[in-house]
Amino acid sequence: MTVGAHIAPIARSHIENADIVFFAGHPLMEMWVTEMNSNLHSLQVFYAEGKDRRITYKEMVNAMMTEVRAGKKVVGAFYGHPGVFALPPHNVIKIAKKEGYAAHMVPGISAEDCLYADLGVDPGKVGSQHFEASQFMFYQRQVDPSAYLILWQVGIAGDKSAAKFSTGKAYRQILVELLNENYPNEHKVALYECPTVAIREPRIEWITLGDFIEAELSLITTMLIPPSQKLLKNQSIIDRLALLEKNAH
Amino acid sequence: MTAITLLEKLGADASFDPSLLSAQDKETLEDIISKANTFNAIELISVPDEKESEEKEPEEEKEPEEKQS
Ligand SMILES: C[S@@+](CC[C@H](N)C(=O)[O-])C[C@H]1O[C@@H](n2cnc3c(N)ncnc32)[C@H](O)[C@@H]1O
């Protein structure tokens, strides 16, 4: 998210008062958070291309837990909302609690929040469904094409190895074919990236679903797919509700 | 002001007008932005194998069993 803008006062206070801060996010955000607490350790060091991210996430959790067990006041500062599409923050809190330490999460401002603001989308208008792109491909999901569909981590869509930094066109081709069950190739979708600094504009690129295969994606790209169908009335429920109201009078 | 303080102000202070940045400040900002490496934003894993569910989550704490009355 954006340096300076997207931090809750309580999160800032926890960071300022911590003995040690572990940080996961953009290097500029890291510099910003270092101004709040100079004892900052980057969690980025645990990533490596070709390395299974299950190991990476365990190492992140271990690094934090080692300091917790040493009696330190530890903050894990993760960009966005730490509990949204993010495994290590949930895991470290569960483990810390299980070992008897006080641990809790404070909410942050997620990519999702920025998307709603920048694209002028209200998730409540017709409903919205969020999936991690790879999970959406690996498992059979019931898509509601009359609601928004938001796919996260599209830059690594279809990565079974959990070790890639990007997946290519062949993977996206499969994702598009899967989406074609509900959305034609001409359907307009948005590629969204919230800027890291306030002097940059957000990336809001409307393309056709078919063009998604060739699109430039990064690890921070989120895809918004608007509904392809109108809401269908559930007449039998409407009728039953009408009967209730009629009987109440 | 350091580049990061400037960026913080740009993000946090609605009355801070970016068009009033001096040429030198703009240069400092562009410099720090262009030098910043990209980062790995991926923090969630979905792997369709059996091992995944064990590796993925530490064991859920069990709810205390309901007493039969
Ligand atoms: C592991 S999730 C973490 C999300 C983060 N916890 C949050 O609350 O935004 C990573 C995914 O979030 C989305 N994301 C992260 N940064 C983003 C940004 N600056 N703009 C748009 N989407 C972003 C992308 O879909 C990316 O692949």
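Using 0.36 nm per residue, how much length does the chain from A:Ala70 to A:Asn39 gain when fully extended, once their Cα-Cα distance is taken away? Mind showing how you got there, number by number?
Working: separation 31, 0.36 × 31 = 11.16 nm, distance 1.55 nm.
Working it through step by step, the gained length comes to 9.6 nm.
Of A:Lys58/B:Lys35; A:Lys125/A:Lys188; A:Lys58/A:Lys160; A:Lys73/A:Lys94; A:Lys58/A:Lys164, which ones are farther than 25 Å apart at the Cα? Intermediate results must be reported in sequence, preceding the final value.
On the way: A:Lys58/B:Lys35 30 Å; A:Lys125/A:Lys188 18 Å; A:Lys58/A:Lys160 18 Å; A:Lys73/A:Lys94 16 Å; A:Lys58/A:Lys164 17 Å.
Distance filter (> 25 Å) returns A:Lys58/B:Lys35.
Among A:Ala86, A:Asn37, A:Val21, which residue has its Cα furthest toward the positive end of the charge dipole of the range A:9-98, with +1 on Lys/Arg Cβ and -1 on Asp/Glu Cβ?
Among A:Ala86, A:Asn37, A:Val21, the one farthest towards the positive end of the dipole of the range A:9-98 is A:Ala86.
If packing is taken as the average number of other Cβ atoms within 10 Å across a peptide's residues, how do A:117-125, A:151-159, A:67-75, A:229-237 rank, most packed first? Please report the intermediate quantities before stating the final value.
Details: A:117-125: 12.9, A:151-159: 24.0, A:67-75: 15.9, A:229-237: 9.2.
So the order, starting with the most tightly packed, is A:151-159, A:67-75, A:117-125, A:229-237.
With labels modelled as points extended 7 Å from the Cα through the Cβ direction, what inter-label distance (nm, one decimal) is found for A:Lys160 paired with A:Ala102?
For A:Lys160 paired with A:Ala102, the spin-label model returns 4.7 nm.
Please state the charge dipole magnitude for the range A:118-249, taken about the Cα centre, from unit charges on C-beta atoms (+1 on K and R, -1 on D and E), reported in debye and rounded to the nearest 20. Let's see the in-between values first.
Details: 13 positive and 16 negative charges, 65 e Å.
Charge dipole of the range A:118-249: 320 debye, to the nearest 20.
Can you put A:Phe131, A:Phe22, B:Phe16 in order of Cβ neighbours within 10 angstrom, beginning with the fewest? Walk me through the intermediate numbers first.
On the way: A:Phe131 18, A:Phe22 21, B:Phe16 15.
With the sparsest Cβ surroundings first, the list reads B:Phe16, A:Phe131, A:Phe22.
Dipole magnitude of chain A about its Cα centre, charges +1 at Lys/Arg Cβ and -1 at Asp/Glu Cβ only, in debye to the nearest 20?
780
In chain A, which whole DSSP H runs stretch at least 18 Å along their own axis (Cα) and average 0.0 or higher on the Kyte-Doolittle scale? It would help to have the intermediate numbers written out before the result.
On the way: long enough: A:53-69 (23 Å, -0.60); A:235-248 (20 Å, 0.06).
In chain A, the long hydrophobic H runs are A:235-248.
Quick one: Kirkwood hydrodynamic radius for the range A:111-225, alpha-carbon pairs, angstrom, one decimal? List each step's numbers first, then the result.
On the way: mean 1/r = 0.0693 Å⁻¹.
It is 14.4 Å.
In nm, to one decimal, how far is the B:Leu21 label point from the A:Lys125 one, both placed 7 Å along Cα→Cβ?
3.2
Suppose R0 equals 45 Å. What FRET efficiency, 1/(1 + (r/R0)^6) with r the Cβ-Cβ distance, do A:Ile207 and B:Asp13 give to the nearest 0.05? List each step's numbers first, then the result.
On the way: r = 35 Å, r/R0 = 0.77.
Efficiency, rounded to the nearest 0.05: 0.85.
Take the alpha carbon gyration tensor of chain A, find the square roots of its eigenvalues, order them as a ≥ b ≥ c, and report rounded if a/c is under 1.5; if not, report prolate when a/b exceeds b/c, else oblate.
Working: a/c = 1.94, a/b = 1.47, b/c = 1.32.
Verdict is prolate for chain A.
What net charge do the residues around A:Arg12 carry, taking every other residue with its C-beta under 13 Å from that of A:Arg12, with Lys and Arg at +1 and Asp and Glu at -1?
Details: positive: none; negative: A:Glu16, A:Glu35, B:Glu8.
Result for the neighbourhood of A:Arg12: -3.
Residue by residue, what Karplus-based ³J(HN,Hα) values in Hz, rounded to whole numbers, does the range B:19-36 have, using 6.51, -1.76 and 1.60 with θ = phi - 60° and x for Gly and Pro?
Result, ordered by residue: 6, 8, 5, 6, 4, 5, 4, 4, 5, 4, 5, 4, 5, 5, 5, 5, 7, 5 Hz.
Using only the Cα atoms of the range A:9-98, build the gyration tensor, take square roots of its eigenvalues as a ≥ b ≥ c, and label the shape rounded, prolate or oblate: rounded if a/c is under 1.5, else prolate if a/b is larger than b/c, else oblate. Spell out each step's value before the answer.
Details: a/c = 1.56, a/b = 1.18, b/c = 1.32.
Since a/c reaches 1.5 but b/c is at least a/b, the shape of the range A:9-98 is classed as oblate.
Gap in Å between the Cα centre of the range A:9-81 and the Cα centre of the range A:200-234?
Each part reduced to its Cα centre gives a spacing of 31 Å.
No lab work stands behind these numbers, since they all come straight from the coordinates. Owing to the predicted nature of the structure, the values given are computational and were not obtained by experimental measurement. With ideal geometry, Cβ positions are generated from the backbone for all residues, glycine too; neighbour counts draw on all protein chains shown.
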